[in-house]
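What follows is a set of notes on a single structure, which appears directly below.
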Amino acid sequence: MFRAVTVGLLVLLLGGCSASADKAAAERGVGEFRRSLAAERYHDIYVASSQDMQQATSEQALTVVLRGVHDRLGPVRESDQQSWRVNFDSRGNLVQLIYATQFTSGRGLEEFVFRANGGTVRLAGYHINSGDLLLALQRQAGANDESSNGAEGAPVSNETTVIRPARR
């Protein structure tokens, strides 16, 4: 009995160490993502992403989303981590980080999902909920419609979720 409890505690402690290390690596991954986004290196983001991301979306689709975030919201001014979670998986841990982010031209709630394996992390998903981004896209669509046929843009929901990792 004592041996089983000791082994159980050891597993929990080691898992906690792994979760902390994976979280720290994912936080560094967020920094690298943001530097790449600011430099418009969308191809680099896609190529460095995990198989989860690459199976969930094409490089072209991800580029459209990231270009929209870059062009409509601008650089990150301030970001505050709201929560984090590590899910253990046989293919490597999934680390989820949620940030309330103030960009130059708006704000949004960002969710980063990283696949952690062997001390390295790869982006498995990026989601952004931003009414400011949608309003900017709606204004652009309305301007495009007006210039092409005089019609107004269709109403858009005030929230969006973008690029989810493949769920297995």
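The values are calculated or read from the model by the stated rules, or taken from the named source; none is laboratory data. Because the structure is predicted, anything quoted here is derived from the model rather than measured. Cβ placement follows ideal geometry from the backbone for every residue including glycine, while neighbour counts extend to all protein chains displayed.
Restricting attention to the stretch 114-129, which residues are in contact (Cβ under 8 Å) with a residue 60 or more places away in the chain, surrounded by fewer than 24 Cβ atoms within 10 Å (Cβ to Cβ) and farther than 17 Å from S36 by Cβ? G119, the sole residue that qualifies. For beta carbons closer than 9 Å, sequence separation of 6+ or different chains, a first residue in the stretch 18-35 that is without any contact (Cβ under 8 Å) to a residue 24 or more places away in the chain and closer than 15 Å to T101 by Cβ and a second that is of a type outside the set (A, V, I, L, M, F, W, C) and surrounded by 12 or more Cβ atoms within 10 Å (Cβ to Cβ), the qualifying pairs are R35/R41.
Residues in the stretch 25-62 that are over 14 Å from the mean Cα position of the chain (by Cα) and closer than 17 Å to E110 by Cα: A38 alone. Note on the stretch 22-67: residues that are surrounded by 15 or more Cβ atoms within 10 Å (Cβ to Cβ), under 23 Å from V86 (Cβ atoms) and of a type in the set (A, V, I, L, M) total 7. Among residues that are modelled with pLDDT under 95 and surrounded by 10 or more Cβ atoms within 10 Å (Cβ to Cβ), G16 is included. Here N87 meets the list (1) farther than 16 Å from E32 by Cα; (2) surrounded by 17 or more Cβ atoms within 10 Å (Cβ to Cβ); (3) not hydroxyl-bearing (S, T, Y) almost entirely, failing just condition (2).
Among the residues of the stretch 68-84, are any out of contact with any Gly (no Cβ under 6 Å at 6 or more places or on another chain), surrounded by 12 or more Cβ atoms within 10 Å (Cβ to Cβ), at pLDDT below 90 and under 19 Å from A38 (Cα atoms)? No; the residues of the stretch 68-84 include none that is out of contact with any Gly (no Cβ under 6 Å at 6 or more places or on another chain), surrounded by 12 or more Cβ atoms within 10 Å (Cβ to Cβ), at pLDDT below 90 and under 19 Å from A38 (Cα atoms).
Exactly one condition in (1) in contact with a Lys or Arg (Cβ under 6 Å, 6 or more places away or on another chain); (2) more than 20 Å from G68 (Cβ to Cβ) is false for R91; which is it? Of everything listed in (1) in contact with a Lys or Arg (Cβ under 6 Å, 6 or more places away or on another chain); (2) more than 20 Å from G68 (Cβ to Cβ), R91 misses just condition (1). Go through the stretch 68-86 and give me each residue that's within 17 Å of E111 (Cα to Cα) and part of a helix (DSSP H, G or I). Within the stretch 68-86, G68, V69, H70, L73 meet the criteria. Exactly one residue out of A100, A116 is modelled with pLDDT of 95 or more and within 14 Å of D52 (Cα to Cα), and it is A116.
For the stretch 90-113, which residues satisfy the criterion of being in contact with a strand residue (DSSP E or B) (Cβ under 6 Å, 6 or more places away or on another chain), surrounded by 15 or more Cβ atoms within 10 Å (Cβ to Cβ) and small (G, A, S)? If the condition is that a residue be in contact with a strand residue (DSSP E or B) (Cβ under 6 Å, 6 or more places away or on another chain), surrounded by 15 or more Cβ atoms within 10 Å (Cβ to Cβ) and small (G, A, S), then G92, G108 are the ones that fit. On the given criteria, is D89 in a strand (DSSP E or B) and either closer than 26 Å to L134 by Cβ or out of contact with any helix residue (DSSP H, G or I) (no Cβ under 9 Å at 6 or more places or on another chain) (or both)? No. Applying the criterion of being touching a residue at least 40 places away in the same chain (Cβ under 8 Å) and not in a helix (DSSP H, G or I) to the residues of the stretch 36-57, the residue that is farthest from A116 (Cα to Cα) is T57.
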